[in-house]
């Protein structure tokens, strides 16, 4: 039998489906809750989809119970499938109760799991949780676990922080709080946990967010243990998102020379080359080469890079294969190696693994002029060594092909 056509006022203007949980906004237009929340929070829109009128920063979504009853009654009496019951909006009393429960030992796990379910529930729930300070409560709980050497509840707390997209503009941390949290997250990353990959990936992403917001005073005093731990996490293996998070942490710390030395001493260069040998996706390669460039700006980093048999080869292989950003960093790495560590053995290896040939290809490729200039500078700097090779023979390294 043909499906009965639903009354027009039962249809959400956004999804064009029958509303499951109709809510009315300040403009007087009614939408399905899930659709309007997605429009406002995921789409970051600030106007009513129908009237195009501006909306407040946190518009009130008023449940339209009468329309909900009409829709339910119509679905029950027509041949149309029954409308699902709407999700109840988050009750502030219960939210406060779950938040308080996190600080009560025998209620902690139950409260954390309830909060995790609420966070998954809807964007409106997540907004309310941020408003009531769940971010700081979760961070305080993680620090408490660190101080007590207790891992129970860490998985839930870190999951909540990632679901509600920490940090928010409402979360402001003092310097001593930031240091405590960094120490606690470093401890988490060093723990042997049941759901190791997920928990550590979440911990890395929270740590990345903390590092991005930290003051220069905090960043210049980061402990060597932090870098030893995140390099160890790379070695053990975490999620793709977690790997990129570790790389962002290294990039966030690298402006300070002492941090670059600490990262190198933690064995990062070797692990980054190994990571790149696995042919990761484009964004990861861009981040790996960006970190390697900064680490190769110090003598210790170059020494570690050259000690890996595949270091020069893997960087060379990425040129003209991934992106302009990758080309930029790869050529800069080769330039640093040639300028400061260009021994006879290194220059011969560059010839053997195809670095010289690749630089010549850059000169002839459709590349920005600044990249060609860098490649030309490297070639000219060691033309006396490379001139007799078959790939260079017949090519005038002193000419300007432009």
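Points to keep in mind about this one:
- Residue among 200, 208, 213, 223 that is under 20 Å from the mean Cα position of the chain (by Cα) and surrounded by fewer than 18 Cβ atoms within 10 Å (Cβ to Cβ): 213
- The selection criterion, being surrounded by fewer than 21 Cβ atoms within 10 Å (Cβ to Cβ), assigned to a helix (DSSP H, G or I) and not assigned by TED's automatic domain parsing to the domain that holds residue 140, does not hold for residue 259.
- Residue that is under 22 Å from residue 294 (Cβ atoms), in contact with a helix residue (DSSP H, G or I) (Cβ under 7 Å, 6 or more places away or on another chain) and assigned to a helix (DSSP H, G or I), where the choices are 347, 363, 351, 336: 336
- When residue 86 is tested against (1) in a loop (DSSP other than H, G, I, E, B); (2) modelled with pLDDT of 85 or more, just one condition goes unmet, and that condition is (2).
- Candidates are the residues of the stretch 67-83 that are more than 19 Å from residue 33 (Cα to Cα) and surrounded by 15 or more Cβ atoms within 10 Å (Cβ to Cβ); the one that is modelled with the highest pLDDT is 74.
Listed here are the residues, each with its yes/no results for (1) crowded, with 18+ Cβ neighbours inside 10 Å; (2) touching a helix residue (DSSP H, G or I) at 6+ places or on another chain (Cβ under 6 Å); (3) free of Cβ contacts under 8 Å to residues at least 24 places away in the same chain; (4) under 21 Å from residue 78 (Cα atoms).
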{"residue": "5", "(1), (2), (3), (4)": "no, no, yes, yes"}
{"residue": "8", "(1), (2), (3), (4)": "no, no, yes, yes"}
{"residue": "13", "(1), (2), (3), (4)": "no, no, no, no"}
{"residue": "18", "(1), (2), (3), (4)": "yes, yes, no, yes"}
{"residue": "33", "(1), (2), (3), (4)": "yes, no, no, no"}
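- Checked against the criterion of being at pLDDT below 85 and under 23 Å from residue 133 (Cβ atoms), the stretch 95-106 contains not a single residue that satisfies it.
- From the options 128, 111, residue that is in contact (Cβ under 8 Å) with a residue 12 or more places away in the chain, over 23 Å from the mean Cα position of the chain (by Cα) and more than 25 Å from residue 186 (Cα to Cα): 128
The values are calculated or read from the model by the stated rules, or taken from the named source; none is laboratory data. Computed from a prediction, not measured in an experiment: that's the story for all the values here. Note: ideal-geometry Cβ built from the backbone for every residue, glycine included; neighbour counts use all protein chains shown.
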